[in-house]
Amino acid sequence: MVMAKTPKKHPRNSKDVVGSGPFKLIEFVRDQHIIMERYEDFFIEGRPYLDKLVIRIIKDPSARSLGRENGEIHLSAFESTPQDILHSKKVPHLTATDQGYAAIGPITWLAFNTKSKPTSDKRVRQAIAYAVDRNFLVNAVMMGTSRPAYTGIHPDSIFHEPNVARYDLDIDKANAMLDEAGYARGADGMRFALTVDYGWPSAKPMAEYMKPQLKKIGIDVTVRTSAGFPAWAKRVFRPGTSNMTVDVVFNWGAPGHRRAPHLSVRQRKERRDLVEYPAILQSQGRCDTR
């Protein structure tokens, strides 16, 4: 077991990197590019097929789009917005697809702070689940490049179980649940206020959707923007600083680092097979996951 802080300080993780893959590192310029060349002694005969790889680090989506169109970039993946995908599909000499992500099983979800009220109340979380229109998110916000999710396991995973209780859109039921739970509306029609954060560009419209939608059940939502992923992570994973966040999880094979946070909700002392990662694993707390 290696403590989380150790790899960050080890020089071989940023300089003179040691690896065992099909390419060897030639040059790494932070925030600019990575250059790799074919490793002639790779253990699989005839591989890799390419002699050289140049990975350019381009943070501006518009610059990436222009690079694809003018031929400077031959391949790009994980584009930030549905608009990027749909735009690329219209360029005659480009081949673009929104398929293929099933291999890593990504699921976008609304994560709750289950250690602080009111989202520590299961009835509040269930009411919010009934108030969210998944079909609207898929068809309008994601522009048809996604599909609804009803469990924490990707539909293309062999571990997916489709026969589970579903939280289909039902505003009346959501309001009734909050009434029964004792969350009365005030003079302004609101029951309580919540914050929702997001950590990457395409999550912004999903977070913004929560404000008018949850207003229908008397929840006053404030959408909070973070100055980059580190700021978002610090805000979300620090106890008591966030109510909800639009998050993404990948169904990698276990044990893998992206089991967190939706599959690693048990405390470390109960699961000794887990590598001791930072507190990010415990960010949404332990709760009744139903």
For region 178-195, pairs from a residue that is without any contact (Cβ under 8 Å) to a residue 12 or more places away in the chain to a residue that is buried (at least 16 other Cβ atoms within 10 Å of the Cβ) and among the β-branched types (Val, Ile, Thr), with Cβ under 9 Å and 6 or more apart or across chains, are none
Q.
Checking the structure you have, find out if any residue of region 51-70 is in a loop (DSSP other than H, G, I, E, B), among the polar types (S, T, N, Q) and outside the structural domain of residue 108 (by TED's automatic domain parsing).
A. yes
Next item on the list: Determine, yes or no, whether residue 259 is in the same structural domain as residue 151 (by TED's automatic domain parsing) and modelled with pLDDT of 85 or more.
Entry: no
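Could you check region 121-144 and list, in sequence order, the residues that are part of a loop (DSSP other than H, G, I, E, B) and under 16 Å from residue 109 (Cβ atoms)?
Of everything in region 121-144, those that are part of a loop (DSSP other than H, G, I, E, B) and under 16 Å from residue 109 (Cβ atoms) turn out to be 132, 133, 142.
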Checked region 215-242 for anything touching a helix residue (DSSP H, G or I) at 6+ places or on another chain (Cβ under 6 Å) and either in contact (Cβ under 8 Å) with a residue 60 or more places away in the chain or charged (D, E, K, R) (or both); matches are 216, 217, 242
When every residue in region 234-249 that is within 20 Å of residue 152 (Cβ to Cβ) and assigned to a helix (DSSP H, G or I) is compared, the one modelled with the lowest pLDDT is 237
Given (1) in a helix (DSSP H, G or I); (2) touching a residue at least 60 places away in the same chain (Cβ under 8 Å); (3) among the polar types (S, T, N, Q); (4) assigned by TED's automatic domain parsing to the domain that holds residue 246, residue 114 misses just (1)
Only unsatisfied item for residue 222, checking (1) over 17 Å from the mean Cα position of the chain (by Cα); (2) in a helix (DSSP H, G or I); (3) within 27 Å of residue 61 (Cα to Cα), is (2)
Does residue 73 count as modelled with pLDDT of 90 or more, within 22 Å of the chain's Cα centre (by Cα), under 29 Å from residue 24 (Cα atoms) and of a type in the set (Val, Ile, Thr)?
-> no
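The values are calculated or read from the model by the stated rules, or taken from the named source; none is laboratory data. Because the structure is predicted, anything quoted here is derived from the model rather than measured. FYI the Cβ positions are ideal-geometry reconstructions off the backbone, even for glycines, and counts take in every protein chain you see.
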